[in-house]
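A quick write-up on the structure given underneath.
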Amino acid sequence: MNKTKTLKQEIMIWGLALALMIPGIAGCENAGAVADTEDSAAIAAEAIRPVRAIRLEKPMGASVRSFPGRAKAVREVNLAFRVAGPLVELNGDTGDKVTKGDLVARIDPRDFSVQVKTLEANLNASQAQVTESKLQYARYTNLIKENAAAKATYDQVKAAFEMADARAKADKKNLEAARNALGDTILIAPFTGYINRKLVENYETVSLGQVIVSLTDLSSMEVEIGIPEDLISQTGRFNDYSCEFESIPGKKFTAVLKEVGKNPNLSNQTYPLSLILNPEEIFAVRPGMSARVTFTIAGEDQEAYFQVPAQSIVNDDQHKTFVWIVGVNKKVHKRYVKTAGFSNSGVEVRGKLNAGDWLVTAGASFLKEGQTTRILPAAATTNVGNAL
C-alpha cells in the first residue's frame, strides 16, 4: 500500500517538472526564429543602399563652352643686378609707375671705376710692349733673310712679340669686361610698367642675381584657362571669346586667342590656353582676378555636356572617371564620362548621359555595379516642423 502511494507521488513530481520545462524549450525555439529574422532584415538592409540623387536637366549646348580662368599681366619680370655691391640709389615704391629707360637702382660704382682705370693702365703698358717687340721682330725678320742673325735669337724675338701681343689682347678683354661691370652698376627699366614688389631697401649690399624689384606691364592683360585634351584638336574652330570677372559684375570683356600650350598642367592634365583682352577695356582688370571664359566651337557635333555636382564624380582603379545612374529597377550602373570644365556650380562632363537620368550625388563611393538603392527624399530647405 505504501509502495503504491510512493510510486504515484514520484509520477506526479516528474509530470510537474516536465510541464515546467516545455515553455522554456518553446521559448528557445522562438528566440532562434527571431534571431534568424533579424539577420535576414540586416542583410536586406545592407543590400539596399540609401543614396541621394538628382535628375539630370537639359544638357548644355555643345557649341558653347565655358571654363574658369585667371588674369595675368602680359609681362612681369624680376629685375636684378649682374654685379654685387652696396646700393646707393633705389627709386620708386610698390605701385609706382616707371617709364622705359628710367633708373630703378644703382650700386656704388667706386670699386668698379678703380678696376677700369687699373686695366686701362695695364692695356697701355702691354700695347707699348707690343709696339717695341713688333719692331724687334721686323728687324730680325730682315736679318734672318740675309743670314745676318742667329736662328735662335730670331726665335726668341718672335716668341717675345707673340707673348706681348697675346697679353695685350687679354688686357683688352679684361678692360671690356670691367667696363661692362661698371655699366651694370645701374639698373634700368626695360619697359614701361608698375613696381609690383620691392624686395630690398636702399644702402643694402646686394648679391649678383638678387631680385631688387618686380616690374609688371599692365598695358595688356591676359587670361589663362585650362582645356581638356579632347578639345585640343578643335582649337582652330574656337570663336567669340568673352571673359567675365567676379569682381567686375555686369561687364563682359572681349578677347582674342594668343596661344595654346604644348604641355599639360600636371595637376589636372589640362592644356593652358591664353587669351589677350581688348586693351581698351582692361582699365579695371588686375593680375590674379578670377574669370570665366566663354567661347563657341564652330560646327561642333560632339556629345552634349551636362553640369553635375563634384561629389558625384568617381574614379576607378584605372583612373577613369564615371558616375552612377539609378535605373528604373533601382539598381545603379556606371556611366563613364570625361570632364570638360569646372565652375562654381559643378563639373561639366560628357558621356552616355540623358536628360531625366537619376544621378547619384551622395554615397557614390560606396556603391557596387548592379546594387539596389533607395533614393532618399530631398533635404528640406526650411526648418518648418523641425524637419532639419
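Beta carbons closer than 6 Å, at least 6 apart along the sequence or on distinct chains, pair a first residue in the stretch 317-331 that is within 14 Å of P50 (Cα to Cα) with a second that is of a type in the set (S, T, N, Q) for V326/T373; K330/T372; K330/T373; K331/T372. Give K368, K334 a once-over and let me know the one that is in a strand (DSSP E or B), of a type outside the set (A, V, I, L, M) and modelled with pLDDT of 80 or more. Only one candidate passes the filter, namely K334.
I'd like to check something: does the stretch 179-202 contain any residue that is on the phi > 0 side of the Ramachandran plot, in contact (Cβ under 8 Å) with a residue 12 or more places away in the chain and of a type in the set (F, W, Y)? The answer is no, given that none of the residues of the stretch 179-202 is on the phi > 0 side of the Ramachandran plot, in contact (Cβ under 8 Å) with a residue 12 or more places away in the chain and of a type in the set (F, W, Y).
Within the stretch 108-121, is even one residue of a type outside the set (G, A, S) and in a strand (DSSP E or B)? No.
The residues on offer are V308, V323, V347, and the sole one that is out of contact with any Lys or Arg (no Cβ under 6 Å at 6 or more places or on another chain) and at pLDDT 85 or above is V308.
Name the residue that is nearest to the chain's Cα centre (by Cα), counting only residues in the stretch 88-107 that are not small (G, A, S) and not in a strand (DSSP E or B). Here the answer is T94.
The values are calculated or read from the model by the stated rules, or taken from the named source; none is laboratory data. Computed from a predicted model, the values in this text were never measured in an experiment. Glycine also receives a Cβ, built like all others from the backbone with ideal geometry; neighbour counts cover every protein chain displayed.
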